[in-house]
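The values are calculated or read from the model by the stated rules, or taken from the named source; none is laboratory data. Keep in mind the model is a prediction, meaning the values are calculated, not measured. Cβ placement follows ideal geometry from the backbone for every residue including glycine, while neighbour counts extend to all protein chains displayed. Surface areas here come from the heavy atoms of the whole protein model, side chains and all, with no ligands, DNA or RNA. Shrake-Rupley method; radii C 1.70, N 1.55, O 1.52, S 1.80 Å.
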Amino acid sequence: MWKTGELGLATWSDADATWRLNATGGPQGIQLGLEGTNPSRVQFCSVGEDVFPQAAEQFVRGDELHVLFPQQEGSYSIEAVFKPIVSGANRLVIEVILSLETRLLDTHPTVDLVAHGSGNATAASASAGCDPISQATADDISVAVLLGPHDAPFTAKHSSDNELRLRLFGEFLEKGVIRKARPWIVLSTSDAGGTSEELKDAYAKLCASPLPLTP
């Protein structure tokens, strides 16, 4: 279940593990990690001169944590929904829905999804943009990012040897139009690691699940 404290700070806990979320926004964006390990194992952050907005409101609805980041001095606003799909001592599979909107003309706001560690990709299906399954392996927590057919073609890969960096919202965004991205993020401890078949199975479940009509 989600436990919230200060605005933007929350934990997801079950009987075996606690996963910590820092969704305060601003320069650090959104950070996610296992309690007691790197707290920023996964990050959502701004790109270039864009400024990630600050969190202004949060609420829990069932197993979903909603955080609102209104547009202020930055170039866009974001509504984020965090929904664990599978959780345990060794693994967290979490759906993150980002709804991005801008009130500015002639802008192309993007958000980077970053995981530190050596990376590789698994081609679960053909994609004109990014690989449907990408992984970043580190000593403590390994990360896999699953992108469905509505996201992979519009996501650009800007990874290096030391980090996985996926740039969301690749298409130009007109003023007042809302764009959504819905990656599934799989975090596994070093002794759990996800096999290729397990990740492909999770990817199939992502593709079979409907995209929510509202944030």
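Please calculate the 1.4 Å probe accessible area of Asp63, with all protein chains present, and give it to the nearest 10 Å².
About 60 Å², ignoring ligands and nucleic acids.
Could you size up the charge dipole of the chain around its Cα centre, putting +1 on the beta carbon of Lys and Arg and -1 on that of Asp and Glu, and report it in debye to the nearest 20?
Working: 16 positive and 27 negative charges, 71 e Å.
Charge dipole of the chain: 340 debye, to the nearest 20.
Counting only protein heavy atoms and using a 1.4 Å probe, what share of the accessible area of the stretch 1-109 belongs to carbon plus sulfur, as a whole percent? Each step should come with its number before you reach the end.
Working: 2370 of 4890 Å².
For the stretch 1-109, the apolar C and S fraction of the accessible surface comes to 48 percent.
So, in Å, what gap is there between the alpha-carbon centers of the stretch 139-183 and the stretch 26-77?
With the stretch 139-183 and the stretch 26-77 each reduced to a Cα centre, they are spaced 15 Å.
Of Val42, Val186, Phe59, which is farthest along the charge dipole of the chain in the positive direction, counting Lys and Arg as +1 and Asp and Glu as -1 at C-beta?
Comparing the listed Cα positions along the dipole, Phe59 ranks first.
Considering only protein heavy atoms, with the full assembly of protein chains and a 1.4 angstrom probe, order Asp16, Asp201, Asp131 by accessible area, largest first. Before the final figure, lay out each step's value.
Values: Asp16 110, Asp201 80, Asp131 50 Å².
So the residues, ranked largest to smallest area, are Asp16, Asp201, Asp131.
What accessible area, in Å² to the nearest ten, does a 1.4 Å probe give for Asp50?
40 Å²
Can you compute the modelled spin-label distance between Thr11 and Ser160, with each label point 7 Å from Cα toward Cβ, in nm?
3.3 nm
If you bin the C-alpha pair distances of the chain every 5 Å from 0, what whole percents do you get?
1, 7, 16, 21, 22, 18, 11, 4, 1, 0
Relative contact order of the chain, please, whole-number percent, based on alpha carbon pairs below 8 angstrom and at least 6 residues apart. Intermediate values should be presented prior to the final figure.
On the way: 554 pairs, mean separation 35.2, N = 215.
Worked out over the chain, it gives 16 percent.
Per residue, what accessible area does the chain have, given a 1.4 Å probe and all protein chains present, in Å²? Walk me through the numbers on the way to the answer.
Numbers: 9840 Å² over 215 residues.
Per residue, the chain has 46 Å² of solvent-accessible surface.
Calculate, in nm to one decimal, what Ile85 and Asp106 gain on full extension: separation in residues at 0.36 nm each, minus their alpha carbon distance.
On the way: separation 21, 0.36 × 21 = 7.56 nm, distance 3.69 nm.
Extending this stretch completely gives an extra 3.9 nm.
Mean-square fluctuation check for the chain, GNM, Cα pairs under 10 Å: which of Gln28, Gln135, Gln43 is largest?
Gln28
On a full-extension model of 0.36 nm per residue, what is the gain between Phe59 and Ala204, subtracting their alpha-carbon distance, rounded to one decimal in nm?
Values: separation 145, 0.36 × 145 = 52.20 nm, distance 2.95 nm.
Net length gain for the segment: 49.3 nm.
Give the lysines whose C-alpha is closer than 30 Å to that of Lys200, dropping any in the same chain fewer than 8 places away, or say none.
Qualifying lysines at Cα under 30 Å: Lys83, Lys157, Lys180.
Kirkwood Rh, Cα Rg: Rg to Rh for the stretch 1-115?
The Rg/Rh ratio comes out at 0.98.
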